[in-house]
Amino acid sequence: MATRTVGESCEAAKRASRALASASTPTKDAALAAIARLLGQRSDEILAANAADLADERAEGLMTALRDRLTLTEERIAAMAEGVRTVAALDDPIGEELERKTLESGLDLRKVRVPLGVVAVVYEARPNVTIDCAALTIKSGNAIVLRGSSYAERSNGALAGVVREALAEAGLPEDAALLVAGGGREDLAELATRERTVDLLIPRGGEGLKNALKEVATVPVIYAAAGNCHVYVHADADLEMARRIAYNAKVQRPGVCNAAETLLVDAAVAADFLPDVLADLNGAGVDLVGDERVRELSDGVEVSLASEADWETEYLDLKMAVAVVDSLEEAIEHVNEHGTSHSEAIVTSSAEASERFSAGVDAAVVYTNASTRFTDGFEFGMGAEIGNSTQKLHARGPIGLRELTTYKYVVHGDGQVRE
């Protein structure tokens, strides 16, 4: 594929989106089946490209969790392929009739689901996003412009090549999936201001990316940004369950946005709970910071004094802030003040406390007695996700097929004119 400017790529994607919008479900599913098959057939090439990215000096300074995000394995490629197959098996949202009625004028009015058009996604060092996003946009009839991190340039190129080959094999325009170079702020600004060609921009990254786009974006944006997530252990919690949940939410994969960054413990159970859970986390290599009450109850586990900035930080690493709170209300207040409206969890045996926490916390996803790590399109039965929206308009939580659509009114008459 010849090198194109951001503008040329967006124009090409817009042209391709018109063909994709009218493509049949079997045709789109054929493209998805080809992606899944080609991922297996090209796995050696993809892994070689990924190894080159990991060996590049640009990736040398990445912290462990971000290198984990960047790393592909045969298992992760197989999981990507399975996600594509799951998306293919989902109902096609395009053409779904949302509402139908006959107006007083006799006009037959239908409200029908349609694609958005061109979706642009800006993302950091996670090459699997290339496949997840492409699968969802193809199934929902949208073209996609992908702007990945320079850290993953070779990996993303190999994966985008698979998608384009699959589109051509299914008789769809290759330009329905376009990868643009990482570039600098000027290229990002151009992508964020292509009002005639980009219908939606979704940034997947931290607060820095979010703030950079807020300064310049003129196209609609759904921010799939930071996840400063909390686990709150209520006074009525099963403490063994709480240990498992807190550990999983932090340790299972710390470099992702649904990992917990803060543990809140009710004062009523702090003395019984904290020594064990802090030992668990410390044993897994978690760097712990906490308030004075946590430090007093640490039973020899090293806990540094937390600063105000720690309560606001998405670590994306093996680090966790821990605080003791005196009530459910204080926990809710802490979450709402410091959280990013992503995913929050309470561990409790009290139905009343669960309901109060769920109603009081402002977040896209609220859990009772479960890890925050489940906030994921695949786990939610969407096959994959383009990101997790922390906003409230149009889409919230995992962005799947239906979140990538809008609707139009289709009206049939038999000669009516308005008086």
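Each principal axis of the range 29-171 carries a Cα extent, and these read 68, 29, 22 Å when sorted largest first. Kirkwood's formula applied to the C-alpha pairs of the range 1-87 gives a hydrodynamic radius of 15.7 angstrom.
If you take the Cα centroid of the range 289-330 and the Cα centroid of the range 340-419, the two points sit 30 Å apart. Distance from the alpha carbon centroid of the range 252-272 to that of the range 161-221 works out to 35 angstrom.
Would you mind checking the tilt of helix 74-89 against the longest principal axis of the Cα atoms of the chain, expressed as 0 to 90 degrees and rounded to 10? Between helix and principal axis, roughly 50 degrees. Rolling a 1.4 Å probe over the heavy atoms of the protein chains gives the range 366-419 an accessible area of 56 Å² per residue. Per-residue ellipticity at 222 nm from helix content only, as computed over the chain with -39500 (n - 2.57) for each DSSP H run of at least four residues, stands at -12500 deg cm²/dmol.
Using a 10 angstrom cutoff on alpha carbons, build the Gaussian network for the chain and name the most mobile of 385, 104, 195. For the chain, modelled as a Gaussian network with Cα springs under 10 Å, the answer is 104.
I'd like the orientation of helix 128-139 relative to the chain: the angle between its Cα long axis and the longest Cα principal axis, in ° from 0 to 90, rounded to 10. With rounding to tens, the tilt is 40 degrees. Just round it to a whole percent: the fraction of Cα-Cα distances in the chain exceeding 36 Å. Distances greater than 36 Å cover 32 percent of the Cα pairs. Output the 0 to 90 degree angle, nearest 10, between the alpha-carbon long axis of helix 207-216 and the longest principal axis computed from the alpha carbons of the chain. Taking Cα atoms only, the helix is inclined about 40 degrees. Annotation: per residue accessible area for the range 241-294 equals 32 Å², rounded to a whole number [probe 1.4 Å, protein chains only].
Per-residue Karplus couplings for the range 261-272, computed as 6.51 cos²θ - 1.76 cosθ + 1.60 with θ equal to phi - 60°, are listed in order as 10, 9, 10, 10, 10, 5, 4, 5, 10, 4, 5, 7 Hz, Gly and Pro entered as x. Each residue, residue 392 and residue 207, gets one label point 7 Å from its Cα in the Cβ direction; the gap between the two is 2.0 nm. Rolling a 1.4 Å probe over the protein heavy atoms gives the range 125-205 an accessible area of 30 Å² per residue.
Comparing 98, 213, 146 in a Gaussian network model of the chain where C-alpha atoms under 10 Å apart are linked, the largest mean-square fluctuation is found at 98. Split the accessible area of the chain by element, probe 1.4 Å, and carbon with sulfur accounts for 47%. Between residue 109 and residue 4, take the C-beta separation as r, use R0 = 30 Å, and let me know the FRET efficiency to the nearest 0.05. Between residue 109 and residue 4 the formula returns 0.15.
The values are calculated or read from the model by the stated rules, or taken from the named source; none is laboratory data. Computed from a prediction, not measured in an experiment: that's the story for all the values here. When we count neighbours, we look across all protein chains shown, and the Cβ atoms used for this are built from the backbone with ideal geometry, even at glycine. Heads up: the accessible areas ignore ligands, DNA and RNA and are worked out on the full protein's heavy atoms, side chains in. Shrake-Rupley method; radii C 1.70, N 1.55, O 1.52, S 1.80 Å.
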